[in-house]
Each structure stands twice: as C-alpha cells, then as structure tokens.
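In what follows, a single structure is set out as structure tokens and then discussed.
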Amino acid sequence: MTKFHVFLLLLVIGVAWLFMRPGDPHRTALLFGTTDLSSVQKQLARLPDDERKLMEHYVKRSNGDVLTPKFADPEDSLTARTFAEAIDLQKRWAAKQPVADAKAADRKADREAQMAPLRHIVEARVVSAKVMTRNEAQQQSDPDYAKKAHQVSDATTFVLRVRVQNHGSQSIVALKGALQARDRDAYLPMNLCWIDLQQEIASGESTEFYCGNNAHLASDQQRAFADQVEGRFTVEWEPQYLKLANGSEMNSGRQ
C-alpha cells in the first residue's frame, strides 16, 4: 500500500468519524418555560458529572425562564439558551454564593426580628389546601351558587382554608401579611395567600376563611402542595401590619 493510499484511508476514516460522532452536548438548546429535563437526558448524560449538576441547578434556579440581557439582573443573569451558557452562568453564580448567602442570612435575621413581635400576637396557618373545579370553589364561598345561573366548568383552581388566631391580650381590628411556602424543589417561594383583614378578632379567638383566585388554574406546584408531598413544603407566616383595639399599630417593615 502506497503512502497515498494510506493517506486516503486515514482521510476516509477521519471524515466518517466526524459524521458518526455524537454532537457536542454543550450546544444543546435549553427548554423554555419548564424545569422538566426528561427530553434531553441523553445530552445530559454525556456531560461530566460536575457540569451535569451545574446544568440541573441552573434550570431549577431559573425555573425554566430565559430573560433578555437588558432585562436580566447583572448580579444573577438568567439569560442562558444552551447547556454551555447555563453551565458558565451557574459557575459564576456559585462562586459568588458564599458572600451572597451570608448577606441573605443577615437580612433574614433582621426580618425575623422585625416580625417576631407581630407573630407573638397573631398566628396565621393553613388549615387545608385543595384543588377543585371553579364551580366547586364558587359554591364553597356562596352556598346558593348552585341555584343561580352559572356556566359549568371543569377547570380546576387552588383553594386554601386559612385560620388566623389572636394570642394577644387586645382585640385585633386590622391585619395584613402573607402566607408563603418554601419549596424544596424550587428556588423561589410559592405565594399561598395574601391576608388583608379589616375585622375584629377578640383576644384568644380565631377566624377562618377561604383564600384563592378562581381566575387562575391550579399549577403543578399547587397540586403538589395540596397532595402534601412529604418534606417538600414549609409554610411561613410573614405578618406586615397589625392594629389593635386600643389604637396601637405594629409594622414589621415587610413590603
């Protein structure tokens, strides 16, 4: 075999290898609007372990959102459109996290200290959480709803029953605050209920009410909360404003 034939053979093998080798997984496009990576598992599997973890953490942190550069936070840019970009942004984010976590812990400690006096007086908690049809939710708030003309709908919505308890020595006459759920599987907390009461709750007494928005369809995250997925959610009560019958007012500084 001549040198020319050897060269030609190597050339053919090289071209065949280029066409047969799998594509670079770093070029894989990110899925928009979802954290479900099941459709790109083959590409993920071809990444080194450390890069695959960075990818998964980025998608969880971004919640599937892709921002344009001009709208992105320079300190926490979520603009990645490919695996490579996501890995790079997650590396940068992770490098800054120790300092950011320390600052966040200080801010949280300040918030907790400001909310503590209000929490000492008033408690808000979730009694039940359900996913039901809009018709069921409307009938729940209006017992005579079924007797009225209405449009039948199978669309489902998320409904909470909330209890507010007065542990103080004075009657409560006004209250504002939020119930949130910290989600083990999501970066941001889930808003459960914004409470804005203008009614008297006597010392030692409580009141219950339904909280929900029939205009919104139940999300997968809300369904998981209603199903009480073990260990996934932690409910937090964040009071903002409290007014007592004697005229005194308390504000936690929460916005």
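The values are calculated or read from the model by the stated rules, or taken from the named source; none is laboratory data. Predicted model, so just to flag it, every value in this text is computed and none were measured. Counting neighbours? That spans all protein chains shown, and the Cβs are built from the backbone with ideal geometry, glycine included. Just so you know, the surface numbers come from the protein's heavy atoms only, side chains and all, with ligands and any DNA or RNA stripped out. Shrake-Rupley method; radii C 1.70, N 1.55, O 1.52, S 1.80 Å.
General observations
- Rounded if a/c under 1.5, otherwise prolate or oblate - region 27-145, Cα gyration tensor axes: oblate
- Among the protein heavy atoms of the chain, carbon and sulfur supply 52% of the accessible surface, probe 1.4 Å, non-protein parts ignored.
- Spin-label model distance (nm) - Asp24 vs Gln228, 7 Å beyond Cα toward Cβ: 5.1
- Taking the chain as the region of interest, the number of lysine pairs whose Cα atoms are within less than 19 Å, with members eight or more places apart or on different chains, is 8.
- Solvent-accessible surface of the chain, taken per residue with a 1.4 Å probe and all protein chains present: 64 Å².
- Between 0 and 90°, nearest 10: helix 83-121 axis offset from the chain longest Cα axis: 10
- In region 109-167, Cα pairs under 8 Å separated by at least six residues give a relative contact order of 51 percent.
- For region 66-78, 3J(HN,Hα) per residue [Karplus equation, 6.51 cos²θ - 1.76 cosθ + 1.60, θ = phi - 60°, Hz, x = Gly/Pro]: 10, 9, 6, x, 6, 9, 7, 6, x, 7, 8, 6, 10
- Helix 3-20 vs. the chain, principal-axis angle (Cα, 0 to 90°, nearest 10): 10
- Distance from region 38-68 to region 227-255 (C-alpha centre basis), Å: 35
- Remark: spin-label model distance Asp76-Tyr187 equals 0.7 nm, labels positioned 7 Å along the Cα→Cβ axis.
- If the chain linking Ser203 and Ser153 were pulled fully straight, counting 0.36 nm for each residue of separation and taking away their Cα-Cα distance, it would gain 13.8 nm.
- Relative to the dominant Cα principal axis of the chain, helix 49-62 is inclined by about 40°.
- Rough spin-label spacing in nm, given labels placed 7 Å along Cα→Cβ, for Tyr210 and Glu56: 4.0
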